[in-house]
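Asker: Structure incoming, see below.
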Amino acid sequence: MANFNIADFKNNYMKHGGARAALFYATTNFPAGVDGAAAQKLTYSCKASQLPSTVIGKIPIPFLGRKVNVTGDRQYEEELQLTIINDEDFLVRKAFEAWVEIIQGAKNNIRSAESIYTTSSLVQKDKAQKDIFEYTFYNCFPTNISTAEVSWESTDQVQEFTVSMSYDYFESKTLAEPTDYQNQNQ
């Protein structure tokens, strides 16, 4: 039986102090024809996102009056959501809008580039600001650029908007072991 006490919990299960939700950054490779400077700015202006879920479907098979579940296919039904702080140059928002225009022109209904799919990443950092874990999303493209509220009543606020990105699949990988603060002082 497990010995439940704070010291064991901290030493064995929270050795690194827990991953911090605020220590991350997002990257997106914009397609050709979109201002590349937006990619660098996105890294600093994406204020929220979420690590993806992993879903395996199930297939119920009738057998002797009951259903037996067997594994189905891996599903990527969610979209990558990026909440972005809008700066007065609108650089990141304009880049996503330009990407949508490349996918399907508003005036002529024509795709203006062969390659509209790119990769995006979410990178988790540790408390020492070291990149420790990365999710890479493949064949991404924006499906929705949300509204950005304007209002005379909005004081002491910075404008923000959300971009939804479709992707085919993701891969995750460890980039480095987190800093071990407990053994640093020994």
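The values are calculated or read from the model by the stated rules, or taken from the named source; none is laboratory data. Note that this is a predicted model, so its numbers are computed, not measured. Quick reminder, even Gly has a Cβ in these numbers, built from the backbone with ideal geometry, and neighbours come from all protein chains shown.
Asker: Looking at region 144-175, which of the residues that are farther than 22 Å from Val55 by Cβ and of a type in the set (Gly, Ala, Ser) is nearest to the chain's Cα centre (by Cα)?
Answerer: Ser146
Asker: Still on this structure: Of the residues that sit in region 106-134 and are out of contact with any Lys or Arg (no Cβ under 9 Å at 6 or more places or on another chain) and hydrophobic (A, V, I, L, M, F, W, C), which one is farthest from Glu79 (Cα to Cα)?
Answerer: Taking the candidates together, the pick is Ala128.
Asker: Still on this model: May I ask you to list pairs of residues, at least six apart or on different chains, whose Cβ atoms are under 6 Å apart, with the first in region 89-100 being at negative phi and in contact (Cβ under 8 Å) with a residue 24 or more places away in the chain and the second being of a type outside the set (Ser, Thr, Tyr) and part of a helix (DSSP H, G or I)?
Answerer: Listed by first residue and then by second, the contacts come to Leu91/Ala38; Leu91/Lys41; Val92/Ala38; Val92/Lys41; Val92/Leu42; Ala95/Ala38.
Asker: Then there is this: Would region 117-131 turn up any residue that is of a type in the set (A, V, I, L, M) and not in a loop (DSSP other than H, G, I, E, B)?
Answerer: Start the filter on region 117-131 by keeping residues that are of a type in the set (A, V, I, L, M), which leaves 122-123, 128.
When the remaining residues are screened for being not in a loop (DSSP other than H, G, I, E, B), the result is 122-123.
Within region 117-131 (the criterion being of a type in the set (A, V, I, L, M) and not in a loop (DSSP other than H, G, I, E, B)), the answer is yes, since at least one residue qualifies.
Asker: Can you confirm whether region 68-78 contains a residue that is part of a loop (DSSP other than H, G, I, E, B), within 22 Å of Phe24 (Cα to Cα) and not hydroxyl-bearing (Ser, Thr, Tyr)?
Answerer: Yes, the conditions are met somewhere in region 68-78.
Asker: Yes or no: region 124-147 includes at least one residue that is under 26 Å from Ile56 (Cα atoms), surrounded by 11 or more Cβ atoms within 10 Å (Cβ to Cβ), among the hydroxyl-bearing types (Ser, Thr, Tyr) and at pLDDT below 95.
Answerer: For region 124-147, residues under 26 Å from Ile56 (Cα atoms), surrounded by 11 or more Cβ atoms within 10 Å (Cβ to Cβ), among the hydroxyl-bearing types (Ser, Thr, Tyr) and at pLDDT below 95: absent.
Asker: Do we have any residue at all in region 26-46 that's without any contact (Cβ under 8 Å) to a residue 24 or more places away in the chain and polar (S, T, N, Q)?
Answerer: yes
Asker: Considering only residues that are over 30 Å from Thr174 (Cβ atoms), touching a helix residue (DSSP H, G or I) at 6+ places or on another chain (Cβ under 9 Å) and of a type outside the set (A, V, I, L, M), which ones fall in region 108-143?
Answerer: Of everything in region 108-143, those that are over 30 Å from Thr174 (Cβ atoms), touching a helix residue (DSSP H, G or I) at 6+ places or on another chain (Cβ under 9 Å) and of a type outside the set (A, V, I, L, M) turn out to be Arg111, Ser112.
Asker: May I pose another question? From the list Ala38, Ala19, exactly one residue is at pLDDT below 95, surrounded by 11 or more Cβ atoms within 10 Å (Cβ to Cβ) and outside any loop (DSSP other than H, G, I, E, B). Which is it?
Answerer: Numbers: Ala19 fails: outside any loop (DSSP other than H, G, I, E, B).
Of Ala38, Ala19, the one residue that is at pLDDT below 95, surrounded by 11 or more Cβ atoms within 10 Å (Cβ to Cβ) and outside any loop (DSSP other than H, G, I, E, B) is Ala38.
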